[in-house]
Amino acid sequence: MVTIRKALKEDMVAVHALITELAVYEREPDAVIISVEDLKHHGFTEQRFDCYVAEHEQFGVIGMALIIPATAHGKGQHSI
């Protein structure tokens, strides 16, 4: 069974692994410059994005969705 839930700070290790796995699949392993600590900081301290994970009861986190709000670049706001 798979459960979709809002990610916790401790899920960022698995989220980072999924981001890296996708980059490797896309043949861009060096494209991942964000760290686990960056994800924790931007997602939970600065609240720059929301994250949901798909968690399998046997295999743990198997998927994720990062939701990054649209920014108004003309107003000097930055995305992650």
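The values are calculated or read from the model by the stated rules, or taken from the named source; none is laboratory data. Just so we're clear, the structure is a prediction, and the values are computed from it rather than from any experiment. Glycine gets a Cβ as well: all are built from the backbone with ideal geometry, and neighbour counts include every protein chain shown. Areas reflect the complete protein model, heavy atoms only, side chains present, ligands, DNA and RNA absent. Shrake-Rupley method; radii C 1.70, N 1.55, O 1.52, S 1.80 Å.
Tabulated data
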{"read-out": "Test for Ala17: is it of a type in the set (A, V, I, L, M, F, W, C) and closer than 18 Å to Ile62 by Cβ", "value": "yes"}
{"read-out": "Counted residues, region 14-30 - those being modelled with pLDDT under 95 and open to solvent by less than 100 Å² (accessible area, probe 1.4 Å)", "value": "1"}
{"read-out": "Region 20-50 - residue that is part of a helix (DSSP H, G or I) and in contact with a Pro (Cβ under 8 Å, 6 or more places away or on another chain) and, of those, nearest to Ile62 (Cα to Cα)", "value": "Thr20"}
{"read-out": "Filter result for Glu46 (open to solvent by 90 Å² or more (accessible area, probe 1.4 Å) and of a type in the set (Asp, Glu))", "value": "no"}
